[in-house]
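K.L.:
This is the structure I have questions about; it appears just below.
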Amino acid sequence: MKGIAYGVGVGPGDPEYMTLKAIRLIRENDVIALPGKEPREAVAYKIAAAVVPELADKELLPIYMPMVKDRELIDREHQHAARLVESYLDQGKNVVYLTLGDSTIYCTFSYIQHYLEADGYCVELVSGVPSFCAAAARLNIPLCEWNEPLHILPAVHKLDAELTQPGTYVLMKSASQMGAVKDILRRSGRKVGMVENCSMSTEKIYHSVDEIPDDAGYFSLIIAKE
């Protein structure tokens, strides 16, 4: 019997956001995969280790995920990562891949999942608390009410977009183009809040466009309401 590959969300940062299912899967399996060359430096590892200290004794599998625009290089590394995971699955071992937030939303495991499923392996996704839900809670606002739609945009890829549709906008991955994103937000006339490093010890909360720094960190999430 071949093993199962699990994509497990550990939430946005606060270890208390981890689900009981995520904790159980870490405890029950010996091979834990993490994004990056140094597994113990991964944010997901530090979150999970605070709840499951026995994680330190597991076999940690580093999964390199290059943050570049070279699609050929990216695809090659993703395929290499899938083959590495498959080498454990072929031994009948399960592999638990830990990822920030939720395992279905802009998740690095998704790229590996496509290769694994194409090769006939079993993959299961385990949901975690999404960063934008945690950020809305920290801002103490509802994301959407009644019949309001919710729009989730990877802002760095949508710099030509104007926020003209009704409902609430969530802008993710905005940090590298924050100046341009702030211009879009000002033109929208919306109420804006941002949480940087949501639920982590370095968390910062901003309640307007003007408060948001141009050099905000990578884990910055913006919510823009009508």
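The values are calculated or read from the model by the stated rules, or taken from the named source; none is laboratory data. As the structure is a prediction and not an experimental result, all values here were calculated from the model. Backbone-built Cβ (ideal geometry, glycine too); neighbour counts: all protein chains shown.
K.L.:
Report the residue count in region 209-225 for those that are assigned to a loop (DSSP other than H, G, I, E, B) and either free of Cβ contacts under 8 Å to residues at least 24 places away in the same chain or not assigned by TED's automatic domain parsing to the domain that holds His151 (or both). Full working, then the answer.
P.N.:
Narrowing region 209-225 to residues assigned to a loop (DSSP other than H, G, I, E, B): 212-219.
Now drop any that are not either free of Cβ contacts under 8 Å to residues at least 24 places away in the same chain or not assigned by TED's automatic domain parsing to the domain that holds His151 (or both), which leaves none.
Residues in region 209-225 being assigned to a loop (DSSP other than H, G, I, E, B) and either free of Cβ contacts under 8 Å to residues at least 24 places away in the same chain or not assigned by TED's automatic domain parsing to the domain that holds His151 (or both): 0 in total.
K.L.:
How many of the residues making up region 168-190 are in a loop (DSSP other than H, G, I, E, B) and free of Cβ contacts under 8 Å to residues at least 24 places away in the same chain?
P.N.:
First, pick out the residues of region 168-190 that are in a loop (DSSP other than H, G, I, E, B): 173-174, 189-190.
Imposing the further condition that a residue be free of Cβ contacts under 8 Å to residues at least 24 places away in the same chain reduces the set to 189.
The qualifying residues number 1.
K.L.:
Which is more than 28 Å from Lys21 (Cβ to Cβ) and exposed (fewer than 12 other Cβ atoms within 10 Å of the Cβ), of Glu145, Glu211?
P.N.:
Glu145
K.L.:
Restricted to region 154-178, and to residues that are within 25 Å of Gly101 (Cα to Cα) and at pLDDT 90 or above, which residue is surrounded by the fewest Cβ atoms within 10 Å (Cβ to Cβ)?
P.N.:
Gly167
K.L.:
Counting just the residues of region 79-99 that are touching a residue at least 60 places away in the same chain (Cβ under 8 Å) and part of a helix (DSSP H, G or I), which one comes out farthest from Glu28 (Cα to Cα)?
P.N.:
Step one: filter region 79-99 for residues touching a residue at least 60 places away in the same chain (Cβ under 8 Å), giving 85, 88-99.
Still in the running and part of a helix (DSSP H, G or I): 85, 88-89.
Values: Val85: 17, Tyr88: 16, Leu89: 15 Å.
It comes out as Val85.
K.L.:
With Asp57, Asp70 as the choices, which residue is surrounded by fewer than 14 Cβ atoms within 10 Å (Cβ to Cβ), over 21 Å from Cys122 (Cα atoms), at pLDDT 95 or above and more than 18 Å from the chain's Cα centre (by Cα)? Walk me through it before giving the result.
P.N.:
Working: Asp70 fails: at pLDDT 95 or above.
Among Asp57, Asp70, only Asp57 is surrounded by fewer than 14 Cβ atoms within 10 Å (Cβ to Cβ), over 21 Å from Cys122 (Cα atoms), at pLDDT 95 or above and more than 18 Å from the chain's Cα centre (by Cα).
K.L.:
State all residues of region 109-167 that are assigned to a loop (DSSP other than H, G, I, E, B) and touching an Asp or Glu at 6+ places or on another chain (Cβ under 6 Å); if no residue qualifies, say none. First the steps, then the outcome.
P.N.:
To start, the set of residues in region 109-167 that are assigned to a loop (DSSP other than H, G, I, E, B) comprises 119-121, 127-130, 140-149, 158-167.
Ser127, Gly128, Pro130, Gly167, listed by residue number.
K.L.:
Where residues in region 191-208 are surrounded by 18 or more Cβ atoms within 10 Å (Cβ to Cβ) and either assigned to a loop (DSSP other than H, G, I, E, B) or modelled with pLDDT under 95 (or both), which of them is farthest from the chain's Cα centre (by Cα)? Steps first, answer last, please.
P.N.:
Residues of region 191-208 that are surrounded by 18 or more Cβ atoms within 10 Å (Cβ to Cβ), as a first pass: 192-199, 206.
Still in the list and also either assigned to a loop (DSSP other than H, G, I, E, B) or modelled with pLDDT under 95 (or both): 197-199.
Working: Asn197: 12, Cys198: 12, Ser199: 14 Å.
It comes out as Ser199.
K.L.:
Could you say which residue among Pro53, Pro39 is touching a Phe, Trp or Tyr at 6+ places or on another chain (Cβ under 7 Å) and either among the polar types (S, T, N, Q) or free of Cβ contacts under 8 Å to residues at least 40 places away in the same chain (or both)?
P.N.:
Numbers: Pro53 fails: touching a Phe, Trp or Tyr at 6+ places or on another chain (Cβ under 7 Å).
Checking each option against the conditions leaves just Pro39.
K.L.:
I'm checking my understanding of the structure. Among residues of region 38-54 that are among the small types (Gly, Ala, Ser) and either in contact with a helix residue (DSSP H, G or I) (Cβ under 7 Å, 6 or more places away or on another chain) or modelled with pLDDT under 95 (or both), which one is surrounded by the fewest Cβ atoms within 10 Å (Cβ to Cβ)? Don't jump to the end; show me each part of the working.
P.N.:
To start, the set of residues in region 38-54 that are among the small types (Gly, Ala, Ser) comprises 42, 44, 48-50.
Okay, now just the ones that are also either in contact with a helix residue (DSSP H, G or I) (Cβ under 7 Å, 6 or more places away or on another chain) or modelled with pLDDT under 95 (or both), so 48-50.
Working: Ala48: 25, Ala49: 17, Ala50: 14.
Looking at residues that are among the small types (Gly, Ala, Ser) and either in contact with a helix residue (DSSP H, G or I) (Cβ under 7 Å, 6 or more places away or on another chain) or modelled with pLDDT under 95 (or both), I get Ala50.
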